[in-house]
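Participant: Okay, here's the structure, questions in a sec.
The values are calculated or read from the model by the stated rules, or taken from the named source; none is laboratory data. Please read all numbers here as calculations on a predicted model, not as lab measurements. Quick reminder, even Gly has a Cβ in these numbers, built from the backbone with ideal geometry, and neighbours come from all protein chains shown. Keep in mind that these areas ignore ligands, DNA and RNA; they rest on the heavy atoms of the full protein, side chains included. Shrake-Rupley method; radii C 1.70, N 1.55, O 1.52, S 1.80 Å.
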Amino acid sequence: MKSVSRMATTALQKTTHPHLHSHSDSSSASTPSSSSQNNNTMASALQEKEFVAQFAEPHTPLPPQEIQTRQRSQDLGHSSRNLSVKDFELVRTLGTGTFARVWLVRLSNPAEQDRDKVFALKVLRKVEVIKLKQVDHVNHERSVLADVAGHPFITTLITSFSDHDSLYMLLDYCPGGEVFSYLRKAKRFDENTSRFYAAEIVLIIEFLHEREGVAYRDLKPENLLLDAEGHIKLVDFGFAKRLGNRETYTLCGTPEYLAPEVIQSKGHTTAVDWWALGILIYEFLTGYPPFWHQNPIEIYKQIVSKPVHFPSEPYTSPEAQDIIRQFCTVDRSHRLGNVQGGAAAVKAHPFFRGVYWDDVYYRKYRGPIIPPVRYLGDAQCFDTYPDEKHGRDVYTHELVKKWDHYFEDF
Amino acid sequence: MSYPSAYQEAIESLNQEVSRAQPSDILQFCANFFAQRLEGERADLLAGPHSKPPAMSGSAFPGRFGANSNPFGDGEKLGSAGGISNVIEEEETDTVESPAAPNFSFGAGGSFSSPFSGDGAGQGPPSSFKPAADGFPDQYGMGRRTSVSAESLNPTASSNDNWSPPFHQKTLEQLTRLRKSISGNFLFNHLDDDQSSQILGALVEKPIPAKDIKVITQGDQGDFFYVVEKGTFDVYVNPAGEFQPGPNGLGTKVATIESGGSFGELALMYNAPRAATVMSAEASCLLWALDRITFRRILMDSTFQRRRLYESFLEEVPLLASLTKYERSKIADALETQKYPAGTTIIKEGDAGEAFYLLESGEAEAFKSGNPAAVYQYKKGGYFGELALLNDAPRAASVISKTEVKVATLGKDGFQRLLGPVESIMRRTKYETGVEDIDPLSTK
């Protein structure tokens, strides 16, 4: 443990702590930082590869109150100045987004004991990020992920780095694939299965909102992965944002899951995640979201004006219907999770009767779906994606001059 | 006393409809509203192929019936033996057991089939998978849904630039027509008067001089919303998803938009490809245009300013002095704005107190019975009725608006829902400071 932490502080520059870089104010303050910078220049990519290799395997969860303070999680999520994409071998694509692609990767030229170790590498093209006006969002993503690294149900940002064209986030690999795939395959989940996933998500939301002050803003089955044991890992923090005590205004999310206050630009808070959880549980139980239409405008009209309606088939219990209706309440002063008690009130809802929340957090319940994972780097649970299109826009000198300093945290 | 949530939702949507339609015959309007809703719901029920209401007994909550049972189904706790409850493979022929039955497990041996194998191993007759035969919406797109996002904007008040919304002069008739055009739109119908007039002012004239000019093109990125002032426009959709060169590139004509109509509203939310091509159907048409950034900034700036105003007002209320910043922002979030003309009795002496008020603009006065002179004057930032949060004592005075006023109000029930009883919030001052005497509830 000791050598690990030393490795971390020397090999990885702590960009989340800018005071470490300051060197002008007083000599006593500048001594440690300059020595660590010396070490940094000497630290090789090799050392950093050793460092990241140890995070390829799952760890026992830290208690939620220790995630911010324990060394192991503090070592995680820093920017690396030595690693580059050449240190990884791209195996195959795990997912694509509008400006990002996630790869299954191995270490290139690995040490003998690290040969089987795999990671997920999220690659964002700077020019696309700029074109889609997502510069703020990718910076939020990196910094929020760095802060929450270590939570049992959230993807772990091991380190990040960048080169001329792209930004990279090295994440733990979650071999079970998307809950989305299992849900579409099965059409719908039974109530116990839905409750299991909902319970793990409640713990994620509680942690993000009440310990970190972070709104996630893109909950949906596509962003939930299963690990080898069938537990949830929340991925894609592209819209996550630290709110403090303020509301925020940028419209973002996924049409079917947008809260009414987001659609109507009323300023929104962490309460949007509870709304989305209601939509998610509904979709688990019925196989489709409560508000849907081919034309997004029609979805939005329904969201702001129509109550959630439950079909006669499949049967949903009164408790499930009640928790969904309480989450999907337009008036935020009535919305479960946002009202007094916060997440504790959610946990006490009859839908979760009998759930031992500590056992959920420490992964004592067996996952209802055990992914068919045959070996460490098995990716059969992921869909396949077409290769990247060629002839993308170029990150020109002008763009570099104007924008590159916005990416310096990577 | 709280109402069932389904009831509150019904009332909420009724409220929205009423404020949108402003009906003259309220009772008739409400009757129609509920008749329609009922009809829709009954139709949905009838459309379901089977009606087999599963019995509640022994169903989804094993936890209720035994101390050692598992809320996630049988045998899921690590180390325990038994099957793994799994996702449901559709089984339409099975009429004995509801598909939602909890003990749907894959045999006692703990074996499981790959969720990708799709043969429903261990569940009786193999695959009788019938898509869309069980009330499953057959048109629902089952693909991955992509995220959407507008550009991130920061409120003007918290940044350095001095942005102010553009203003384009319009005649009274034009304004009336525009107001009518957008009043039913869900992106506009909840705006307050100030926001609406800023939005109306920002709409800019866009003349379309000739016939067959494409205002928006299917597949292109969209930034503007349009209201038709004069002329007609045809809407075309190409099934390929975008306008294509060549004779049939427009696709099929699906609609015509006339004066008073509008199109392109999705562009006010985020940048998305246009779903249709809209082309002028005659010469000398006139449009009003509004771009997304202007629209979103107007709403954001006014909401941001109002929220900061409310928070600063709340800081001045001694009763709420011990609220944390987070709690104050929650209350500010829940405050509702109301307007009253001069001379309105906002609270009445002797009535039960239900809500408290912050005076956002205008002036008001407090009167006590038997005293013709006002006993107190309220100005912007003033507050009254706050004791209602504490107890059910009748209002000690009446408050009457002196000018037109705008108040922000929150009911006792709303306050308690968000933060719990005020008594406990006030009492915590005592523990935080360690001073016994300042318990504001101690009766001396």
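Participant: Given the condition farther than 22 Å from A:LYS133 by Cβ, assigned to a helix (DSSP H, G or I) and open to solvent by 80 Å² or more (accessible area, probe 1.4 Å), answer yes or no: does some residue in region B:147-170 qualify?
Facilitator: The answer is no, given that none of the residues of region B:147-170 is farther than 22 Å from A:LYS133 by Cβ, assigned to a helix (DSSP H, G or I) and open to solvent by 80 Å² or more (accessible area, probe 1.4 Å).
Participant: What number of residues in region B:323-360 are open to solvent by less than 60 Å² (accessible area, probe 1.4 Å), in a loop (DSSP other than H, G, I, E, B) and closer than 20 Å to A:SER333 by Cβ?
Facilitator: 3
Participant: Can you name the residue in region A:352-410 that is over 27 Å from A:VAL202 (Cβ atoms) and small (Gly, Ala, Ser) and, of all such residues, is modelled with the lowest pLDDT?
Facilitator: A:GLY391
Participant: Right, next: Among the numbered criteria (1) farther than 25 Å from B:LYS330 by Cα; (2) more than 8 Å from chain B (Cβ to nearest Cβ); (3) crowded, with 24+ Cβ neighbours inside 10 Å; (4) not basic (Lys, Arg), which one does A:PHE189 miss?
Facilitator: (2)
Participant: Something else now. Among all residue pairs at least 6 apart or on different chains, which show Cβ distances below 6 Å where the first residue, located in region A:312-323, is of a type in the set (Asp, Glu) and the second is buried (at least 20 other Cβ atoms within 10 Å of the Cβ)?
Facilitator: Final answer for the pair search is A:GLU319/A:PHE351.
Participant: Please go through (1) open to solvent by 20 Å² or more (accessible area, probe 1.4 Å); (2) free of Cβ contacts under 8 Å to residues at least 12 places away in the same chain for B:PHE186 and return the number of the only condition it doesn't satisfy.
Facilitator: Here B:PHE186 clears every test but (1).
Participant: Determine, yes or no, whether B:ALA283 is assigned to a strand (DSSP E or B), of a type in the set (Gly, Ala, Ser) and surrounded by fewer than 21 Cβ atoms within 10 Å (Cβ to Cβ). Give the steps one after another, and end with the answer.
Facilitator: Numbers: assigned to a strand (DSSP E or B): no; of a type in the set (Gly, Ala, Ser): yes; surrounded by fewer than 21 Cβ atoms within 10 Å (Cβ to Cβ): yes.
Considered against the rule, which asks whether it is assigned to a strand (DSSP E or B), of a type in the set (Gly, Ala, Ser) and surrounded by fewer than 21 Cβ atoms within 10 Å (Cβ to Cβ), B:ALA283 comes out as no.
Participant: Of the conditions (1) modelled with pLDDT of 80 or more; (2) among the polar types (S, T, N, Q); (3) open to solvent by less than 70 Å² (accessible area, probe 1.4 Å), A:GLN65 satisfies every one except a single condition; which number is it?
Facilitator: Just one mismatch for A:GLN65, condition (3).
Participant: If you check A:ALA276, A:ALA344, which single one turns out to be over 30 Å from B:ALA275 (Cβ atoms) and either within 23 Å of the chain's Cα centre (by Cα) or outside any loop (DSSP other than H, G, I, E, B) (or both)?
Facilitator: Residue meeting the stated conditions: A:ALA344.
Participant: Evaluate region B:419-427: report whether one residue or more is among the β-branched types (Val, Ile, Thr) and modelled with pLDDT under 90.
Facilitator: Scanning region B:419-427, I find at least one residue that is among the β-branched types (Val, Ile, Thr) and modelled with pLDDT under 90, so the answer is yes.
Participant: Still on this model: Residues that are open to solvent by 30 Å² or more (accessible area, probe 1.4 Å) and closer than 21 Å to B:LEU299 by Cβ: does region A:270-293 have at least one?
Facilitator: First, the residues of region A:270-293 that are open to solvent by 30 Å² or more (accessible area, probe 1.4 Å): A:292-293.
When the remaining residues are screened for being closer than 21 Å to B:LEU299 by Cβ, the result is none.
Taking every residue of region A:270-293 in turn, none turns out to be open to solvent by 30 Å² or more (accessible area, probe 1.4 Å) and closer than 21 Å to B:LEU299 by Cβ.
Participant: Quickly run through region A:311-335 and pick out the residues that are open to solvent by 10 Å² or more (accessible area, probe 1.4 Å) and not hydroxyl-bearing (Ser, Thr, Tyr).
Facilitator: A:PRO311, A:GLU313, A:PRO318, A:GLU319, A:GLN321, A:ASP322, A:ARG325, A:GLN326, A:VAL330, A:ASP331, A:ARG332, A:HIS334
Participant: Within region A:350-360, restricting attention to residues that are more than 7 Å from chain B (Cβ to nearest Cβ) and open to solvent by 10 Å² or more (accessible area, probe 1.4 Å), which residue is farthest from B:PRO71 (Cα to Cα)?
Facilitator: Here the answer is A:ASP358.
Participant: Looking at A:GLU388, A:GLU298 in this structure, which one is more than 8 Å from chain B (Cβ to nearest Cβ) and assigned to a loop (DSSP other than H, G, I, E, B)? Let's see the steps before the verdict.
Facilitator: On the way: A:GLU298 fails: assigned to a loop (DSSP other than H, G, I, E, B).
Among A:GLU388, A:GLU298, only A:GLU388 is more than 8 Å from chain B (Cβ to nearest Cβ) and assigned to a loop (DSSP other than H, G, I, E, B).
Participant: Go through (1) open to solvent by less than 20 Å² (accessible area, probe 1.4 Å); (2) touching a strand residue (DSSP E or B) at 6+ places or on another chain (Cβ under 8 Å) for A:TRP103 and report which single condition fails.
Facilitator: Unmet for A:TRP103, out of (1) open to solvent by less than 20 Å² (accessible area, probe 1.4 Å); (2) touching a strand residue (DSSP E or B) at 6+ places or on another chain (Cβ under 8 Å): (1).
Participant: So A:LEU171 fits all but one of (1) in a helix (DSSP H, G or I); (2) open to solvent by 10 Å² or more (accessible area, probe 1.4 Å); (3) in contact (Cβ under 8 Å) with a residue 12 or more places away in the chain; what number is the exception?
Facilitator: (1) is the only condition that A:LEU171 fails.
Participant: Select from region A:220-250 the residues that are among the hydrophobic types (A, V, I, L, M, F, W, C), part of a loop (DSSP other than H, G, I, E, B) and open to solvent by 10 Å² or more (accessible area, probe 1.4 Å) and list them in ascending order.
Facilitator: The answer is A:ALA228, A:VAL235, A:PHE239, A:LEU243.
Participant: Further question on the same structure: Is region B:38-60 home to any residue that is touching a helix residue (DSSP H, G or I) at 6+ places or on another chain (Cβ under 9 Å), surrounded by 11 or more Cβ atoms within 10 Å (Cβ to Cβ), at pLDDT below 75 and aliphatic (A, V, I, L, M)?
Facilitator: yes
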